[in-house]
1. Exactly one condition in (1) at pLDDT below 55; (2) under 18 Å from the mean Cα position of the chain (by Cα); (3) assigned to a strand (DSSP E or B) is not met by R5; state its number.
2. Within the range 102-110, is there a residue that is surrounded by 12 or more Cβ atoms within 10 Å (Cβ to Cβ), hydrophobic (A, V, I, L, M, F, W, C) and not in a strand (DSSP E or B)?
3. Quick check on this structure: which one of D22, D53, D46 is farther than 22 Å from R102 by Cβ and modelled with pLDDT of 95 or more?
4. Output the residue which, of all residues in the range 37-91 that are of a type in the set (D, E) and farther than 13 Å from P106 by Cα, is nearest to the chain's Cα centre (by Cα).
5. Kindly provide the set of residues from the range 35-66 that are surrounded by 11 or more Cβ atoms within 10 Å (Cβ to Cβ), in contact (Cβ under 8 Å) with a residue 60 or more places away in the chain and of a type outside the set (K, R), ordered by number.
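The values are calculated or read from the model by the stated rules, or taken from the named source; none is laboratory data. Quick caveat: nothing in here was measured; it's all calculated off a predicted structure. A quick note on method: Cβ atoms are made from the backbone with ideal geometry, for glycine too, and the neighbour counts reach across all protein chains shown.
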Amino acid sequence: MYQQRLHGSEFALRTLQGGGVDARFPDHPPQAMPRHGWIQDPSTQDTKRFHPDEKNWNRDPRVFVDSGRPFPNQPPLLTTRVHLRRETAEQLWRELLRVGWRPCRPQWGADVDV
């Protein structure tokens, strides 16, 4: 394992079994999109839910991205749903993180803890 500081951030490189190198940035949020993920703009509370299209996942992996805004003591305002290829959804997730959105707990639906 090799550790170094780069632009004020600590990172570690490790050799993977079978070749290749993996970089870890422990003080940064994960860039990978979770299989079921929620992400929110902290300044507006706009929220996106990323969830797989289970029906076609093995043949043609696609992700539904639902957009909306939660309101206290009211139903959420759901605005759009798009159906994206997994790679496009992953690019969107990374871009939202880059511009300041943050992963969050579920904001609506059956996933919400009451």
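1. (2)
2. Checked against the condition, which is being surrounded by 12 or more Cβ atoms within 10 Å (Cβ to Cβ), hydrophobic (A, V, I, L, M, F, W, C) and not in a strand (DSSP E or B), the range 102-110 yields at least one hit.
3. Numbers: D22 fails: modelled with pLDDT of 95 or more; D46 fails: farther than 22 Å from R102 by Cβ.
Among D22, D53, D46, only D53 is farther than 22 Å from R102 by Cβ and modelled with pLDDT of 95 or more.
4. Step one: filter the range 37-91 for residues of a type in the set (D, E), giving 41, 46, 53-54, 60, 66, 87, 90.
Next, from what is left, pick out any that are farther than 13 Å from P106 by Cα: 41, 53-54, 60, 87, 90.
Details: D41: 12, D53: 16, E54: 18, D60: 20, E87: 12, E90: 7 Å.
If we take residues in the range 37-91 being of a type in the set (D, E) and farther than 13 Å from P106 by Cα, then E90 is nearest to the chain's Cα centre (by Cα).
5. Listed by number, the residues that qualify are H36, G37, W38, I39, Q40, D41, T47.
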